[in-house]
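Quick notes on the structure that follows.
Any read-out appearing in this document is the output of simple, stated calculations on the displayed coordinates, not a laboratory observation. Just so it is clear, the structure is predicted and the values come from calculations on it, not from any experiment. Neighbour counts are summed over all protein chains in view; Cβ atoms, including those assigned to glycine, are modelled from backbone coordinates with ideal geometry.
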């Protein structure tokens, strides 16, 4: 019998960057469209915009009995503070995806590290710097392969305001393109 599949993801940055929305989209994509088990949790400061914010998603092929991530498989950080607060929680062979403005020290052998100018991509490709979270979802889809891209796209379309679907899909595809430019398929 194969061991259970369990993948822990943490998005961390500042309030107002849409990380909670991104986490909910991923959890729905996994649970509703990919037929996996998913749990999502989040935390943010009392004055959400600008203060620390983080969201965790656990994806598993079995029931999730503890919805907190103990060892992060993929850490996506959008601010320097988020990197410094969360880097110690990543697993030995985990993946780090950081906004290009984040300064990272040397990482232990075995970790994969990607830097991406999320805000600049959102602004350049979609004329909306606020779409950084959806650009990050596109990059996530390519770097992890844990949740099918079509499932994430369906979850985005099910969750975003009507008449804004095009801008969200533009941001998602811009994230996929950024991943392809780094050799990810």
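Taking the beta-carbon count within 10 Å as an exposure proxy, list 99, 73, 166 from fewest neighbours to most. Present the calculation step by step, with values, prior to reporting the outcome.
On the way: 99 22, 73 19, 166 10.
Exposure proxy ranking, most exposed first: 166, 73, 99.
Tell me which label goes with the value of Cα Rg over 2.2 N^0.38 Å computed from the coordinates here: [x] 1.07; [y] 1.13; [z] 0.95.
[z]
Order these peptides, 53-65, 11-23, by their mean beta-carbon neighbour count within 10 angstrom, highest first. Show your work: numbers first, answer last.
Working: 53-65: 18.3, 11-23: 22.5.
Result, highest mean first: 11-23, 53-65.
Report the label-to-label distance for residue 66 and residue 159 in nanometres (one decimal), using points 7 Å from each Cα along the Cα→Cβ vector.
Result: 2.6 nm between the two label points.
Where does the chain land at 222 nm, in deg cm²/dmol rounded to the nearest 500, when only DSSP H runs of n ≥ 4 count, each adding -39500 (n - 2.57), divided by all residues?
Working: 6 runs with 67 residues, N = 185.
So the helix-based figure for the chain works out to -11000 deg cm²/dmol.
Given springs between every Cα pair under 10 Å in a Gaussian network model of the chain, which of 36, 162, 112 has the largest fluctuation?
162
How long is the gain from residue 101 to residue 184 if the chain were fully straight, where each residue apart is worth 0.36 nm and the alpha carbon distance is subtracted? Before the final figure, lay out the partial values.
On the way: separation 83, 0.36 × 83 = 29.88 nm, distance 2.09 nm.
Contour length minus the Cα-Cα distance gives 27.8 nm.
How would you rank 68, 159, going from fewest to most other Cβ atoms within 10 Å of each one's own Cβ? All intermediate terms of the calculation are to be shown ahead of the outcome.
Working: 68 10, 159 13.
In order of increasing Cβ crowding within 10 Å: 68, 159.
If you average the sequence gap of Cα pairs under 8 Å that are 6 or more apart and divide by the length of the chain, what percent do you get for the contact order?
Working: 377 pairs, mean separation 39.2, N = 185.
Across the chain, relative contact order equals 21 percent.
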